[in-house]
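Here is the structure we will look at.
The values are calculated or read from the model by the stated rules, or taken from the named source; none is laboratory data. Worth saying up front: this structure is predicted, and the values here are computed from it rather than measured. Every residue, glycine as well, gets a Cβ built from its backbone with ideal geometry; the counts of neighbours run over all protein chains shown.
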Amino acid sequence: MTTRTRGGTRAIDELASLVRPVDRALARRLPEIVIGLAVLITALVGFAIAGAAVDDSRIAANPASAEADVLDGSSFARTLVRFTVANGEVWVPERGVFYPRGLQPGVQVAVEYDVTDPDHVRVAGRSALGSMWPLLLGVAGTWVLLGPLALWIKRRRRAAAGGGTGGPASG
């Protein structure tokens, strides 16, 4: 039993010696990692806004409108609607309707869709501009939290190393 404990302890020591350099590297780069996370969030929000704008432009390029029924089976991820397209076919877009805020099953709503691709459908009168503000506020909140956090970590590290007692960059 003693051998087993020593073997287990030795395995833990070996694991610790493998992890220690990674831990030091992460700690050394923590401010850059925090800023990188903020940049990643900003880029993802930018892609989401750009994608919504592209979808809106596709609908605006070949517009048609219809009255749609909001269907049961809708979820947080998508709101299903059923409407009749220009050729008389009844259509239920697989991904649901864009900008569904406030829609309830059983309600009729005016929608705009792309005649060439009825899967691109949005609630009439709504666009990417309405969805953009909460995303931009989220990005602003991310930078308000993570920017100062990265600076604080960097200054704390400099102070602990003894190299940051004066000047605006270390203060």
- Message: Considering only residues that are more than 18 Å from Asp72 (Cα to Cα) and assigned to a loop (DSSP other than H, G, I, E, B), which ones fall in segment 93-129?
- Response: Val115, Thr116, Ala124, Gly125, Arg126, Ser127
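For every residue, the table says whether it meets (1) closer than 22 Å to Leu135 by Cβ; (2) in contact with a Pro (Cβ under 7 Å, 6 or more places away or on another chain); (3) buried (at least 16 other Cβ atoms within 10 Å of the Cβ).
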| site | (1), (2), (3) |
| --- | --- |
| Pro21 | no, no, no |
| Ile33 | no, no, no |
| Val39 | yes, no, no |
| Gly51 | yes, no, no |
| Ala64 | no, no, yes |
| Pro93 | no, yes, yes |
| Gly96 | yes, no, yes |
| Pro100 | yes, no, yes |
- Among the residues of segment 103-119, write down those that are of a type outside the set (A, V, I, L, M, F, W, C) and either over 24 Å from Ser57 (Cβ atoms) or in contact with a Cys (Cβ under 6 Å, 6 or more places away or on another chain) (or both). Gln104, Pro105, Gly106, Gln108
- Item | Unmet requirement for Gly88, which otherwise passes all of (1) without any contact (Cβ under 8 Å) to a residue 24 or more places away in the chain; (2) of a type outside the set (A, V, I, L, M, F, W, C); (3) surrounded by 14 or more Cβ atoms within 10 Å (Cβ to Cβ) | (3)
- Does Val139 satisfy the criteria of being among the β-branched types (Val, Ile, Thr), in a helix (DSSP H, G or I) and within 25 Å of the chain's Cα centre (by Cα)? yes
- Note on the structure: When (1) in a helix (DSSP H, G or I); (2) modelled with pLDDT of 85 or more are applied to Asp69, the one that fails is (1)
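Does Glu112 qualify as being of a type in the set (D, E, K, R) and buried (at least 17 other Cβ atoms within 10 Å of the Cβ)? Walk me through it before giving the result.
Details: of a type in the set (D, E, K, R): yes; buried (at least 17 other Cβ atoms within 10 Å of the Cβ): yes.
It is true that Glu112 is of a type in the set (D, E, K, R) and buried (at least 17 other Cβ atoms within 10 Å of the Cβ).
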- Task: Would you point out the residue of segment 116-142, among those that are among the hydrophobic types (A, V, I, L, M, F, W, C) and surrounded by 15 or more Cβ atoms within 10 Å (Cβ to Cβ), that is modelled with the highest pLDDT?
- Result: Val139
